[in-house]
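Asks: Handing you this structure, nothing more for now.
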Amino acid sequence: MRSLSVFAILVAIISAGCDKPAQPAPAAAAESPKDMGTVPPVGYPSPSTAGPATPLPPAPVAAEPAYTATTGKTTYTVQKGDGMVGIARKLLGNEHRWKEIRDLNPEIKEPYTLRVGQVIKVPAK
């Protein structure tokens, strides 16, 4: 019975605010995302606190992987869509060897943070 009276109170409160029809928002000139009040993702500085934007240089695109199986340790240039598991599968023939790639590249804190154009060390096949 108590929930029915709470429901009746909520209906009365909501209906009291519905006396006026909703007014459409004024049409604004083409708003840019900067004007829309977007919030940066967690961990990124807000535009108001960030320094001047520094454009990143374009990532080099290698036609062929820089990999030669005859030279012990070598390097590989990360391509679009590459991950450590896929690189291990493609270059080493076994996806389970991705941990060897991780161990050769201690500067990579997380295996899913590879960037296109990044040069990483890979073990011999």
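Asks: Would you check which residues across the stretch 72-113 are in contact with a Gly (Cβ under 7 Å, 6 or more places away or on another chain) and either modelled with pLDDT of 90 or more or more than 27 Å from Pro58 (Cβ to Cβ) (or both) and list them?
Replies: Thr77, Val78, listed by residue number.
Asks: Just checking, how many residues over the stretch 93-122 are under 17 Å from the mean Cα position of the chain (by Cα) and either among the acidic types (Asp, Glu) or outside any loop (DSSP other than H, G, I, E, B) (or both)?
Replies: If we filter the stretch 93-122 for residues that are under 17 Å from the mean Cα position of the chain (by Cα), which is where we start, we get 108-118.
Within this subset, residues satisfying the condition of being either among the acidic types (Asp, Glu) or outside any loop (DSSP other than H, G, I, E, B) (or both) are 110.
The qualifying residues number 1.
The values are calculated or read from the model by the stated rules, or taken from the named source; none is laboratory data. Remember, predicted model here, so these are calculated numbers, not experimental data. Counting neighbours? That spans all protein chains shown, and the Cβs are built from the backbone with ideal geometry, glycine included.
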